[in-house]
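A.B. asks: One structure, as structure tokens, below. Some questions next.
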Amino acid sequence: MTRPATVFAALTLALAAGCAQMPEAGAPREGFVAALARALPFAVGVYGVARAEPAAEGGAQAEAERGETVLPYARVGAGFMIDAAGHLVTAAHVVTDTDEVLVKLADQRVLRATVVGADAELDVALLHIASPGPVAPPLGRSSHLRPGHWVLSVGEPYGLNRSVAAGIVGGTDRHFSDDPELLYLQTDIALNPGNSGGPLVDARGEIVGMNMRTVVGAYGTPGVSLSLPIEVVLAIAEELRAGGIARPRLGAEFDDVSPQLALASGRGTTQGAVVTTVRRASLAERMGLRPDDVIVAMNDRPIGSSADLARSLLGWRQPAGTKLVIWRGASVLTLKLD
């Protein structure tokens, strides 16, 4: 009877020793302190200041009449440095229609910022402050992210200074028809007002995206949060630094092909991107695109989904000669922009 007990005890000790040597899955034991130590010095608060909030009932005059201290209205957001020369990025809606832009640095200094450029449609703004950083920020690559990877957000939600939240990547290359030429990273991080424009940080402390917004369910239920990949942010910032967005706009909204549409069209596949809206006087209208057309190739590059088409449009620079291969009903057509 003692021998089985001895064997069982030995097995138990061996298993315990083996488990102790196995790397721990998930978050590191100490949390994300080391990762944040790399990224936090480059995260900033961004304040778009206006003399008064237009929607405020009574405005600043009513507050003064009540004897209250009147302070300029500030739209609160976040941002992060992208180089050591004082350039930083934020969400464009934070700084649009404001009288001045203030930036609060990690050391609590507040500086006035110059808006180098802003793209309201893509919701990215490039700012500059007269305080170059000592080193370049740790910019990573969003292409390394996979569903299940840990990520962190840094921002000013509801004015809470340098607030941090953690979550996981839920998906990459997310496309939405109302943002036809953008791709997003999907996470389950809780993003609130004041998080817009802040950095998305991976578990190594590298900045891999810009936090933008949360998609809320029909009944106000928590939805998924969306961040722009850092590669997209930097490409837009470089164009803004050069004087404006040089990328042409197709002028069409599109989405993934639904299973219902795939069967109804007789194709039996969801491959491609279905056009939902064509704007008047747009390049899409000039090419002859119509709602319900399914784009399956652009400039000889296969289009398997709406994300593929958005990715192609992000790199699109020369409209002349552009070719689209489409399915229109049961026919395959090639449209060309002369």
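The values are calculated or read from the model by the stated rules, or taken from the named source; none is laboratory data. These numbers come from a predicted model, not from an experiment. All Cβ positions, glycine included, derive from the backbone under ideal geometry; neighbour counts span all protein chains shown. We work out accessible area using only protein heavy atoms, side chains counted, and drop any ligands, DNA or RNA first. Shrake-Rupley method; radii C 1.70, N 1.55, O 1.52, S 1.80 Å.
A.B. asks: Which percent of the accessible area of region 222-274 is formed by carbon and sulfur heavy atoms (probe 1.4 angstrom)?
C.D. replies: On the way: 1290 of 2270 Å².
The nonpolar share, carbon plus sulfur, comes to 57 percent.
A.B. asks: Between ARG241 and ALA281, how many nm apart are label points set 7 Å from Cα along the C-beta direction?
C.D. replies: A separation of 3.4 nm, rounded to one decimal place.
A.B. asks: Next question, about the same structure. Relative to the present Cα-Cα distance, how much length would full extension add between VAL216 and PHE176 at 0.36 nm per residue of separation?
C.D. replies: Values: separation 40, 0.36 × 40 = 14.40 nm, distance 1.38 nm.
Going from the current span to full extension adds 13.0 nm.
A.B. asks: Another question, then. Across every pair of different alpha-carbon atoms, what Kirkwood hydrodynamic radius in Å does region 201-338 reach?
C.D. replies: Details: mean 1/r = 0.0591 Å⁻¹.
One decimal place: 16.9 Å for the Kirkwood radius.
A.B. asks: Probe radius 1.4 Å, ligands and nucleic acids left out: which of VAL94, VAL115 has the largest accessible area, and how do the rest follow? If you can, show how the numbers build up before the last one.
C.D. replies: Working: VAL94 0, VAL115 65 Å².
Result, largest first: VAL115, VAL94.
A.B. asks: Oh, and also: Using a 1.4 angstrom probe on the protein heavy atoms only, line up SER227, SER258 by accessible area, largest first.
C.D. replies: Details: SER227 0, SER258 45 Å².
The most accessible residue leads, giving SER258, SER227.
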